[in-house]
Structures are given as structure tokens and as C-alpha cells.
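The values are calculated or read from the model by the stated rules, or taken from the named source; none is laboratory data. Keep in mind that what you see is a predicted model, and the values were worked out from it rather than measured. Neighbour counts run over all protein chains shown; Cβ positions are idealised from the backbone, glycine included. For the accessible areas, the whole protein counts, side chains as well, though only heavy atoms, and no ligand, DNA or RNA atoms are used. Shrake-Rupley method; radii C 1.70, N 1.55, O 1.52, S 1.80 Å.
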There are 4 protein chains.
Amino acid sequence: MRDSHELIECAPPGVAVAKFEYRVPFFDTDAMGIVHHANYVRYLELARVAFLEQHDQPYQRYVEQGLHVAVIRVETRYHRSLRFDDRVTVACWLEWVKGVSLGFRYALHCQEQLVMTATTDHCVVDFQGRPHRMPTERRDAFRRLLVPSVA
Amino acid sequence: MRDSHELIECAPPGVAVAKFEYRVPFFDTDAMGIVHHANYVRYLELARVAFLEQHDQPYQRYVEQGLHVAVIRVETRYHRSLRFDDRVTVACWLEWVKGVSLGFRYALHCQEQLVMTATTDHCVVDFQGRPHRMPTERRDAFRRLLVPSVA
Amino acid sequence: MRDSHELIECAPPGVAVAKFEYRVPFFDTDAMGIVHHANYVRYLELARVAFLEQHDQPYQRYVEQGLHVAVIRVETRYHRSLRFDDRVTVACWLEWVKGVSLGFRYALHCQEQLVMTATTDHCVVDFQGRPHRMPTERRDAFRRLLVPSVA
Amino acid sequence: MRDSHELIECAPPGVAVAKFEYRVPFFDTDAMGIVHHANYVRYLELARVAFLEQHDQPYQRYVEQGLHVAVIRVETRYHRSLRFDDRVTVACWLEWVKGVSLGFRYALHCQEQLVMTATTDHCVVDFQGRPHRMPTERRDAFRRLLVPSVA
């Protein structure tokens, strides 16, 4: 839809990445004939849940511990539009971790072209929505996901 | 849900603002018991459409002219969560205008507490998704909405 | 979209009806240019919640009593399509009540033309999803809504 | 959620069936902690699109021919609820075909338990929404999908 000098965006080399493959359902499109911009925020969730499952622990485990990984900020940049039945790959990786919060980065590609980039910031909270310090082993685990592995 | 020193956010004095009143439907909530973060992006659209209708021209008029006001960037910051049946007010105003693009700012309040702030950037495009220079009278109209009216 | 001899459908005279006015948001449309059929099921919920609030008790009251009015069956018949910015009126009334269950009927009109008819069946359940006998005064209240009021 | 003597529902033996595997995303849940009933209608679409692709022709082909397979009726019966991360299998098969219309049947299972049954009726329409006689080879193809294959 718009001019972009960013042809591709990748995670820094060595960093843990989850890739979620998604085929655009008809119900995600709008009367412009393309995926409605709000629906991409859902695609980010699918990739983030896959990331936690593959590299950290299933989201359900957080819930069992009385915690949620709440979203406190979302930023999305749309480079191309998606249409019904397009196959999109959502790559997700961790960008930073602090005491109660963490941030993810995303890049969506379709047929090797950049569709969208995004970042989401999160806060670990209890069921009352109060910020909750991450268990030490959790934070350590997250930090290891930031450090490129040495081959 | 989180600590916020911003208790309230308003449009600059004198700037054209549209306010959209919304009552949270059950189907907007998720298993955390709160409105799912992706749904807020839809609330922004409701307020933006109201803004265009009240201060510019109905969105339908753009479509009749072969144009769309496509979303190219969204940034949302969540300060409090919303629950089923909450009444939220979405205030929307124009922040900037250029040749083919423009930006909106939003503040959501519920019971006089700040729920969320957001910005969206847009590009005027034709039906093929190509950027399209705004008609001069359109851009002039938008610019007047930026300038506080002198009483 | 389709031939219909039903030009209009109304609640039986004297029966309690709630009417919910809705203006079709852009995000409810799909790439056919019309409201996606799944979204109408949400419109029914909006009208049903309005019905309970106006004629029975706010849905929140059920939740406070540890109950939900779960949906166990939905039937929708689409007569015409809706487009962005259409103003639709969703009329909702009670059709039947039993010990743990009840049924609603709906008719959607836009510009005095029938858009859709629907029925939904419900079961009162506790938070574990087990059927729960309606409190007597609740059932009595529902039954009065079925009986046309004598002027 | 409710008592059901139907423990399982299957397509008639020999009939063409498409199975769509789906893992419940968090954004499909509501404040009851379960998948919102309106979202199941989307699951039906996913399975129907898979059915057309596997046994008829990709839905895109219809669009290229200036046609849509519009939904004119949906009936859903909910037997159990689904939660975040549940894996559900949506089976879809053709039940009947006429000159301009056709009907599908669906059964959703999760961990070998029946979650939901549904039927959808459709009308082939042109881009103006007018009923359009199915091309003969299309209708013949559909009819073969109804007839159990003789081994």
C-alpha cells in the first residue's frame, strides 16, 4: 500500500524466534477488500503465544500461577495489505525484559515481502490486574532468550 | 491496571474534537474478564469516523470519490482496563496533516479516569492502495481543524 | 440478496420488546462489501442485553448471583445484507420460558425492510456451566413478559 | 455445559468430509472464560472454505467467476464449551444441493467429545447479491459429493 525502503526485517542473529504461519480467513477482511487493521493485533497474539510455548512456558502455566502477561502498549506499522487466503508468517522475538515488564518485536511477511512490523509491551499482573514481580527463574529464562546463543 | 501519572488527557484547547460514547458489549471481553486489547483499535475507528462526519465529511464521501483513508500506523497505550457494560468516551482530534497523510490522537476515559491514549497515522489512497494527494479543499479543511478557533 | 415474501416481522401485539439501534461500523464489513454473517450474532446479543435491562434485570445482576444466561442454540435467517453506516434496528422479545431455559426472537430492519430474523435458546447456568433452576421470581417475571398486557 | 445424549456426530459413511483443526486463540474467549458463541460461526466458515478447496474448487475461483456463496441461514447447537488453547476439529460435509442453493452440515469435537453441531444454507449470488444459477458442472460436482462413493 505504501512505499517502503524496509524490504525485510529480521530478528537479530542468534535470538530466539517463534514463527506462526497463518492463512487469512475471509472473516478477517473488510469492505476495502483487505484485512482490517485491528485484526493484525490478533495475529501478534498468536505469534506471542507460540513464542511463549516454544521458548518459555505455555501461557496456561502463567494462568495456573495466578498471573497474566497483560498488554500495556502496542505499536503497529503497516507496509502492505493482506487479502483473503494470503499466507502470512508472523515472526516474534523478545526485545527487552525488566522486573515486571517485557517487550516483544514482530515482523510479518507474505511471499517474502514485509507486510508489517510491530512491538508490544507487557506487564506481568495478578488476577486483580496489579503489577507482579516476575519469578526470578522466569526473568532469567527470558534474559537467556535475549542473548544470542554462542555456536 | 497500571500506575499512571497521566490522570487525564485532553485535546489542546480550541481544537475540533469528536466524542464517541460506547458501552462495552459482552462480546468485546476476553477470559481475563476485560476488554481484549485488540478491540480498542476498533473503538478508535468509531471515534475517527465520528470525527470525519462531524468536522470534515462522512467517510462514505471519500469512498464515493474513489478514496480510502488507510491506516498505516497505530500506537495504543493502555492505562486501565474496561469491563462489560462500562461506558467509555472516546475523544478524537486531528494532530497533523501533510500532502497525502494525516494523524489522529485519541483519549479514552471511563468514569473520569484515563483508560487509554492512542495515535493513528493515515494515508489517503485510491482503491488500488496507491497514495493519493488530498484534494486541496480537503487539506485546507483539515488544516482549519488543527488551528484553535479564535473566540 | 434474496427473495423474501416476509416484508416485515413484528413481535406479537402487547408483548414486551426491546429495540436496539445500531449503526454498522466499518470493521463489521467483509470483502463482499457487506456485514459478515457472523457479526449479526453479536447484534442479537446487544438487543438481548437491552431486553434484560429494560424488562428483566441487567445482565450484571445475573453475574452477581453467580449465574450466566448461556446460549445453547442460535438460528439466523438473512433476508438482505447490511453495509457500512447502515442504521439497523434490532427488535428482541421473549418467546418462551421453562424451568432452566428460555428463548428469544429477533427481527432486524433497516429503512423499513426486513434484514434478518433469528431465534436464540438459552440455559441459565452457574459459573461451572451447570444448568441452574431459575429463581422463582425470575421465572415469574419472565412469564409476565410473555403475556400481552391488557390495556 | 449441557446434558447431551448425542455423544458424537459423524457424516454419513462415504460422503466427502473436510476436517479443519483449530486451536482456540485467547482472543476468541469472553468474560465467561469460554469461546464466545458468535465466534463458532467463524469456525464453520474455516471448515467450509477447506471443504470447497479440498472437494470442489477454492473459494477464490468463485470470486474470479463473479460469484459468491452467500450465507442465508445458520443454525448452531452448543453442547459443550471451548476454552483457550483447546484443540477442536471442525468436520464439514455437504447435505443438499439445488439449482442456486446448497446446505452444509458441521460437527465440532474436542478430545472426542461433541462440542457443537451446525447447519448453514447458502445461495450462489453475483456481486450485486442476486441469486445466480450454479454452472452445471459445478452442480454436478456438488452432487457427486453427496453420493457415498462405492468402494
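Summary of values
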{"item": "Peptide D:115-126, shielding by other chains (average Cβ, 10 Å cutoff)", "result": "1"}
{"item": "Of A:LYS19/D:LYS19; C:LYS98/D:LYS98; A:LYS98/B:LYS98; A:LYS19/B:LYS19; C:LYS19/D:LYS19; C:LYS19/D:LYS98, pairs whose Cα-Cα distance is over 30 Å", "result": "C:LYS98/D:LYS98; A:LYS98/B:LYS98; A:LYS19/B:LYS19; C:LYS19/D:LYS19; C:LYS19/D:LYS98"}
{"item": "FRET efficiency, B:ASP85 to D:THR136 (Cβ-Cβ, R0 56 Å, nearest 0.05)", "result": "0.55"}
{"item": "Area buried, chain D against chain A - accessible surface, total, 1.4 angstrom probe, square angstrom", "result": "1500 Å²"}
{"item": "Helix-only CD estimate at 222 nm, as mean residue ellipticity for the protein assembly as shown, using -39500 (n - 2.57) per DSSP H run (n ≥ 4)", "result": "-7000 deg cm²/dmol"}
{"item": "Degrees separating the helix C:136-146 axis from the principal Cα axis of chain C, which is the longest one", "result": "40 degrees"}
{"item": "Inter-copy label distances at A:ARG87 (7 Å, Cα→Cβ; nm, one decimal)", "result": "2.1, 4.7, 5.1"}
{"item": "Accessible surface of region A:79-151 [probe 1.4 Å, protein heavy atoms]: carbon and sulfur percent", "result": "47 percent"}
{"item": "Distance (nanometres) between label positions extended 7 Å along Cα→Cβ at B:GLU112 and D:GLU95", "result": "5.6 nm"}
{"item": "Distances in nm from A:CYS10 to the matching label points in the other copies, shortest first (labels 7 Å along Cα to Cβ)", "result": "4.9, 5.1, 6.9"}
{"item": "Surrounding net charge for C:ARG61, when Lys and Arg each add one and Asp and Glu each subtract one, Cβ distance under 13 Å", "result": "-4"}
{"item": "Shape call, the protein assembly as shown: gyration tensor on alpha carbons, a/c limit 1.5", "result": "rounded"}
{"item": "Average accessible surface area per residue within chain C, 1.4 Å rolling probe, Å²", "result": "44 Å²"}
{"item": "Cα gyration tensor shape of region B:88-151, rounded if a/c is under 1.5, else prolate or oblate by comparing a/b with b/c", "result": "oblate"}
{"item": "Sparsely packed chymotrypsin sites (Phe, Trp or Tyr not before Pro) within region C:83-151, loop by DSSP, other Cβ within 10 Å at most 12", "result": "C:PHE127"}
{"item": "Value of Rg/Rh across chain B [Cα atoms, Kirkwood radius]", "result": "0.99"}
